[in-house]
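A quick write-up on the structure given underneath.
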Amino acid sequence: MRLSKRYEPSHMEADLMQQWAEQGIYHFHEGEPVYSVDTPPPTVSGYLHLGHCYSYSHTDISIRYHRMRGKNIFYPMGYDDNGLPTERLVEKRTGLTASKIGREGFIVECLQASEEAEQEYEALWKRLGLSVDWRYSYRTIGELARRTSQWSFVDLYRKGLVYRKQAPTIWCPECQTAIAQAELDSVERETVYWQLAFRVGDDGTLLIATTRPELLPACVAVFVHPDDARYQHLVGQTATVPIFGQTVLILADRAANPEQGTGAVMCCTFGDTDDVQWWYTHELPLIEAIGRDGKMTDAASELTGLPVVEARRRVVEMLEAAGLLIGNVPSQQIVRVHERCDTPVEYVVAAQWFVNVLEHKAALLDAGEAIEWYPVQMKNRYREWVENLSWDWCISRQRYFGVPFPVWYCDGCGAVAVADEKHLPIDPSTHSPDTLCKACGGTKFTPERDVMDTWATSSMTPQIAGQMLGEGSLYQQAFPFALRPQSHEIIRTWAFYTIVKSYHHFGALPWRAVAISGWGLAPEGTGKISKSKGGGPIAPMALIEQYSADAVRYWAASTALGKDSVISIDKVQLGAKLVNKLWNVARFSEPFLEGYQVTDEIPQLSTADRWILARLQRLIDEVTRCFEGYEHAAAKSAIETFFWRDLADNYLEMVKQRLYESDGEGARFALYHVLLTLVKLLAPILPYVTDAIYQALFAMHNGAVSVHIAAWPAVDTRLTDESLDQFGDVLIEVASAVRRFKSDRQLSLTTELEQLHIWAADGSAMKLWHDAIADLKSVTRARNVCIVQERLTSEIIFESSSIQVRISTH
């Protein structure tokens with residue numbers, strides 16, 4: 001195969017993609033050493049966007065490097081297609097809800113939507129060049145995933161690590177479901193602190209400031225700080241709630257903040273987590289004034305049925321009319337919202353299933369310390385999250401499309417019946433227990449209608465992808481996984497929950513290392529792009545078609561792990577420029593490498609040959625260390641500098657004349673090894689163009705049919721030479737000075753010069769200079785090059801501490 005005159009990525013990438021699939025280039029094969037990847041299964045909630053291309057490229061770059069290092073790569077791909085995100089996608093796209101078409105019909109719609117989305121996802125991943133072994137794809141709604149997720153629940157239940165409790169629960173009124181602490185986001189909004197008058201005694205008044213006057217009907221106590229001298233005399237007395245009239249105790253608690261509002265705070269069931277904690281600690285009564293639909297309940301009297309915002313406005317009017325509204329202060333407030341829909345959450349009492357994590361915080365912190373984090377500072381996010389946990393993990397959801405709990409409740413005594421493992425996966429709504437109730441011997445059961453939170457299943461991805469409950473030895477080879485790649489915002493969910501499950505089930509770490517990528521940000525600076533909100537203004541496939549997958553990966557590789565990156569068309573264009581330049585360099589080299597007999601013997605080399613090969617050895621060492629540390633951006637930068645400055649701009653210009661002459665054996669040797677090595681070093685980042693060049697120029701000598709299964713370059717100590725490496729910088733200074741000279745005089749770079757005089761301060765390098773004369777003539781187009789021993793005194797075009805350069809044009 002010969003290289004075409006122009007690199008046409010749309011055709012080349014399609015051909016190579018098909019070839020990789022047919023040849024099984026990325027297939028996992030049993031054997032050591034295994035490098036297993038716990039690939040993030042994208043949530044099926046909308047269209048994939050460039051932010052996904054950004055983070056998944058980071059993963060693929062590292063995986064390709066380790067494959068070339070001889071690792072046996074297990075790189076599966078999953079789809080997180082059960083749970084609330086997929087339900088909301090269906091509701092948004094079709095306008096259908098379970099209440100309209102029934103539970104079974106809605107599940108059918110969810111399955112169809114997820115299948116269609118996954119086909120689109122796979123097409124993009126393949127075109128982007130992800131080196132996934134597609135034989136190991138899975139869905140979190142698939143049979144093996146459901147079986148594994150239900151096995152996890154059963155195992156936790158038998159170990160006493162999961163429990164069901166009627167308790168205050170974080171609730172999303174929009175999604176109509178309980179959610180976990182990790183699914184909360186914080187947003188800042190404008191609000192008002194309303195100052196209300198509570199009556200104390202016969203004629204006393206206690207001012208309380210609140211942003212949620214609609215919770216007055218649920219007020220069950222007033223709290224002050226025990227050291228707040230303003231209110232110490234009131235502790236133990238009662239206050240009358242304005243408008244609604246209930247009498248509540250005034251209590252002391254150190255959680256009350258004397259600096260906030262008036263220093264006295266009403267406790268309502270429930271406005272926030274402080275209310276929940278006070279309710280538990282002080283055994284307060286329960287008044288539920290806000291329902292699961294986000295509207296006021298019968299406990300709110302005449303406010304019944306009003307949405308929360310409308311009820312707030314109505315209460316303010318009532319307080320003002322009664323003369324109980326003393327004042328208001330505009331303020332900024334941090335509000336906790338559901339990350340899926342940005343709806344402010346409420347706290348309602350409901351029976352939910354929880355996984356015990358609070359009693360295991362110390363062990364979970366130790367697990368985080370034992371894992372390698374890239375970049376290392378991301379470990380701090382994990383640690384801070386675990387240290388600040390205040391709730392056990394709520395895993396039940398009042399939705400429809402998800403993994404069912406394998407649970408029934410005895411109609412006679414209410415006891416829990418859990419399915420036998422041999423029957424998993426099971427839907428308790430269509431199957432009954434195969435035994436009597438162990439508590440009372442009853443035969444009638446009510447199935448659990450809630451489904452598991454999607455994280456309860458995706459926290460088992462090592463076991464799902466590794467087929468722990470399947471046949472064969474794959475799981476034994478893969479677990480613990482080598483790498484968990486993921487983005488930073490789900491450290492508190494996916495990373496944490498996976499560590500929790502691995503600790504509870506196996507007492508082991510799920511993976512050895514975690515690589516945390518940042519977000520791809522919208523070019524207009526509006527923040528993170530979201531699948532559920534349309535995927536951003538630039539479609540990934542359109543950008544790939546316009547510039548190439550390699551160019552898009554180049555942009556992604558330009559930013560280090562853990563850092564966000566604005567989508568930059570300029571960088572994509574720079575990537576396309578690099579791809580084309582690499583192709584052109586390969587085309588230039590092709591006729592000189594045809595018929596080249598590869599040998600391990602080093603021929604006679606010029607100074608320039610020895611320099612470029614010495615510089616290459618340093619590059620191999622630097623890039624290898626970068627990739628070992630998951631520093632792809634630093635690796636790319638080093639390779640680019642070498643390619644543009646050392647090879648394309650200087651070395652090739654130095655050796656052109658020798659290559660065209662019969663005595664260019666040293667130049668051909670250097671060119672072969674430099675280009676082959678560059679193609680290999682760039683292969684993890686630019687998989688398409690590098691493999692096209694490799695197959696055309698090197699595969700017949702190098703052994704492997706694809707660069708992606710070829711051996712990673714190793715430093716050849718015979719070619720290392722620090723002094724030559726440094727001497728090359730001086731050669732580049734001379735070449736750059738001559739280019740500037742020509743440019744300043746508006747001369748073509750191919751313009752011949754009569755004579756070039758060079759004085760070098762290092763007299764011991766005189767032989768190197770003389771050996772470099774032929775290459776200096778080639779790069780400068782000078783007819784004569786004279787290396788002088790005396791300092792130059794006139795017509796100097798360039799001068800540094802090490803050299804002087806003078807040019808004679810006639």
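Derivation of every value follows stated rules applied to the coordinates shown; laboratory data play no part. Source: prediction; values computed, not measured. Positions of Cβ are backbone-derived with ideal geometry, glycine not excepted, and every protein chain shown enters the neighbour counts.
Structure notes:
- A cut-off of 5 Å between modelled amide H atoms, ignoring neighbours fewer than 5 places along the same chain, links residue 357 with 393.
- Between residue 260 and residue 328, the distance separating the two model label sites (each 7 Å from Cα on the Cα→Cβ line) works out to 2.1 nm.
- By DSSP, the beta bridges lying fully in the chain are antiparallel in about 70 percent of cases.
- C-alpha long axis of helix 9-23 to longest principal axis of the chain, angle in °: 80 degrees
- The angle between the Cα long axis of helix 722-744 and the main principal axis of the chain comes to about 80°, on a 0 to 90 degree scale.
- Across segment 282-413, Cα pairs under 8 Å and at least six residues apart give a relative contact order of 17 percent.
- Taken one residue at a time, the phi angles of segment 163-174 give Karplus couplings (6.51, -1.76, 1.60, θ = phi - 60°) of 8, 10, 8, 7, 7, x, 9, 5, 10, 9, x, 6 Hz. Gly and Pro are set to x.
- For the listed peptides 645-658, 618-631, 167-180, a ranking on the average number of other beta carbons within 10 Å per residue, highest first, reads 167-180, 645-658, 618-631.
- Added length on full extension, which subtracts the Cα-Cα distance from 0.36 nm per residue, residue 277 to residue 252: 7.6 nm
- For residue 753, the residues 5 or more places off, or on other chains, whose built amide H falls under 5 Å of its own are 782, 783.
- Applying 0.36 nm per residue to the separation of residue 286 and residue 771 and subtracting their alpha-carbon distance, the gain on full extension is 165.4 nm.
- Listed peptides 386-392, 330-336 by packing density, highest first (mean Cβ within 10 Å): 386-392, 330-336
- Residue (of 507, 496, 27) at the positive-pole extreme of the chain, dipole from beta-carbon charges: 27
- Label point 7 Å beyond Cα of residue 439 along Cβ direction - residues of segment 154-172 with amide nitrogen under 12 Å: 164
- Label positions at residue 788 and residue 723, each projected 7 Å from the Cα along the C-beta direction, are separated by 2.6 nm.
- Full-extension gain in nm, residue 796 to residue 476, via 0.36 nm per residue minus C-alpha separation: 108.2 nm
- Between residue 657 and residue 21, the C-beta separation translates, for a Förster distance of 30 Å, into a calculated FRET efficiency of about 0.10.
- 5 angstrom amide H check on residue 487, placed H, neighbours 5+ away: 517
- Angle between the chain longest axis and helix 273-282 axis [Cα atoms, degrees, rounded to 10]: 40 degrees
- Ratio of Rg to Rh over segment 15-104 (Cα coordinates, Kirkwood Rh, two decimals): 1.13
- Placing R0 at 51 angstrom, the Cβ-Cβ distance between residue 389 and residue 542 gives a FRET efficiency of 0.75 after rounding to 0.05.
- As a length-normalised measure over Cα pairs under 8 Å and 6 or more apart, the relative contact order of segment 1-157 settles at 30 percent.
- Relative contact order %, the chain, counting alpha carbon pairs below 8 Å whose residues are six or more apart: 15 percent
- Net dipole in debye of segment 1-111 [+1 Lys, Arg Cβ; -1 Asp, Glu Cβ; about Cα centre; nearest 20]: 420 debye
- Checking the Cα-Cα distances for 5/577; 159/361; 581/636; 126/563; 501/563; 100/165 against a 19 Å cut-off, the pairs over it are 126/563; 501/563; 100/165.
- Using Cβ point charges alone (K and R +1, D and E -1), the dipole size of the chain about the Cα centre works out to roughly 900 debye.
- The packing ranking of peptides 405-416, 547-558, 510-521, 742-753, highest mean first, is 547-558, 510-521, 405-416, 742-753, where packing means the average number of other beta carbon atoms within 10 angstrom of each residue.
- The simple spin-label model puts a point 7 Å past each Cα toward its Cβ; for residue 366 and residue 135 those points are separated by 4.0 nm.
- Projecting the Cα atoms of 732, 597, 798 onto the dipole axis of the chain, where Lys and Arg carry +1 and Asp and Glu carry -1 at the beta carbon, places 597 farthest toward the positive end.
- Value in Å of the Kirkwood radius, where segment 393-547 supplies the Cα pairs that are averaged: 19.1 Å
- In order along segment 41-57, the Karplus-derived 3J(HN,Hα) couplings, from 6.51 cos²θ - 1.76 cosθ + 1.60 at θ = phi - 60°, round to x, x, 5, 7, 9, x, 8, 5, 9, 5, x, 5, 4, 4, 6, 6, 5 Hz, and Gly and Pro are given as x.
- Using θ = phi - 60° and Karplus 6.51 cos²θ - 1.76 cosθ + 1.60, couplings along segment 798-805 (whole Hz; Gly, Pro as x): 8, 8, 9, 5, 10, 9, 10, 10
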